[in-house]
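Engineer: Here it is: the structure, laid out below.
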Amino acid sequence: MISNKHIGEVLLKLEDISLSFGGVQALSNVSFEVREHEILGIIGPNGAGKSSMLNVINGFYHPDEGRITYKGTTRKDMRPHEAARQGIARTFQNIALFKGMTTLDNIMTGRNTKMRRNFLWQALYLGPARKEEMEHREAAERIIDFLEIEAIRKTPVGRLPYGLQKRVELGRALTAEPDLLLLDEPMAGMNLEEKEDMCRFILDVNDEFGTTIALIEHDMGVVMDISDRVVVLDYGRKIADGSPDEVRTNQDVIDAYLGVPHDIPPDTPPDDTPHANPQP
C-alpha cells in the first residue's frame, strides 16, 4: 500500500504463541507485532491458523504458550469482554448479527462496553440513563452516516442482502470506538462493487478514525492494495512478515499459497501458467 501516513509505536505484540486442540496444532510459535495506525493483512491457506490467531488476540482462545502485550501490558489470558473494554473490536467470518433487530439496534449493541449506568437506572429510564442513551444513539447514528446506510437504519438486518449485513457488522464494531479492529474475512461472499465499497470504508476508518486494523482476507488483490504490512501463516507457523511487495515475491509464500512456479520457461504459453488466485 502506497501511503504517507505515520505508522506509530507497537500497539500489540505476540510472542511465541502456540495453540492446540487435542492433537491438532493450530498455532506454533507465532510472533509478530501490530503498530498504531497500521493495516496489517493476515493471509494463508485454509487451515493455516488465521482465525485462531484473531481468537487468541481478542481472548476467545487462550494460548497454550506465549505472551501477548497490548498497550504495554503483558498477559497470557484475557476474556473477550475484557478485550472489548480495552479497545479491541471484532467482526466474524460468519455474520453474527441479531437478525430480527433493526440496523440501528444492532449497531447500538456495540455501545454496551461504553454504558456506565447500571441496569436499574436503564430500566427506570430516568435522568442520567436517558441522557446516556441519547449519547450512545448519537454515536450509532454517526457510524450509520459514515457507512452510508441511513436508508436501512430501521430495517431488520435479516431482510438485508449479504453485503449490507457485512457493513452493519462493521458498524457495530466501529461504534465501540476500538483502538484495534479485527476483521475476519470482511469481504467474503461479496461481489466486486461490494468489495470496492468495503475497501473504501476500511481505508477511511484507518485514516479518519486512526483505528489500527488487522484483517484476514483471501482476496489477494484486496490484501496487497490496502495493507501496510502482511503476515503469512501456513500450517500454524509464520512463514513471512513484510510489506506487500516483499511478501508477493517471497518464495516460501509462493510455494505455500500463491501457487506460482519457481521458474517459467520463456517460451511457455500464458495459458499454461498457474494462476495466483487462491480459493476461499
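Engineer: Part of a helix (DSSP H, G or I), at negative phi and at pLDDT 75 or above: is that true of R130 in this structure?
Structural biologist: No, not satisfied.
Engineer: While we're looking at this one, here's another question. Just to be sure, is L104 at pLDDT 65 or above, in a loop (DSSP other than H, G, I, E, B) and surrounded by 18 or more Cβ atoms within 10 Å (Cβ to Cβ)?
Structural biologist: no
Engineer: Out of G163, G171, report the one residue that is farther than 25 Å from H37 by Cα and within 18 Å of the chain's Cα centre (by Cα).
Structural biologist: Unique residue meeting the criteria: G163.
Engineer: Before we move on, is E196 more than 21 Å from L12 (Cβ to Cβ) and either at pLDDT 90 or above or not assigned by TED's automatic domain parsing to the domain that holds L12 (or both)?
Structural biologist: It is true that E196 is more than 21 Å from L12 (Cβ to Cβ) and either at pLDDT 90 or above or not assigned by TED's automatic domain parsing to the domain that holds L12 (or both).
Engineer: In addition: Would you point out which residue out of V222, V157 is more than 30 Å from K13 (Cα to Cα) and not small (G, A, S)?
Structural biologist: None of the others qualify; the one that does is V157.
Engineer: Does the stretch 1-17 contain any residue that is small (G, A, S) and modelled with pLDDT under 95?
Structural biologist: Yes, the stretch 1-17 has at least one match.
The values are calculated or read from the model by the stated rules, or taken from the named source; none is laboratory data. None of these values were measured; they are calculated from a predicted model. Cβ sites come from the backbone with ideal geometry, for glycine too, and all protein chains shown count toward neighbours.
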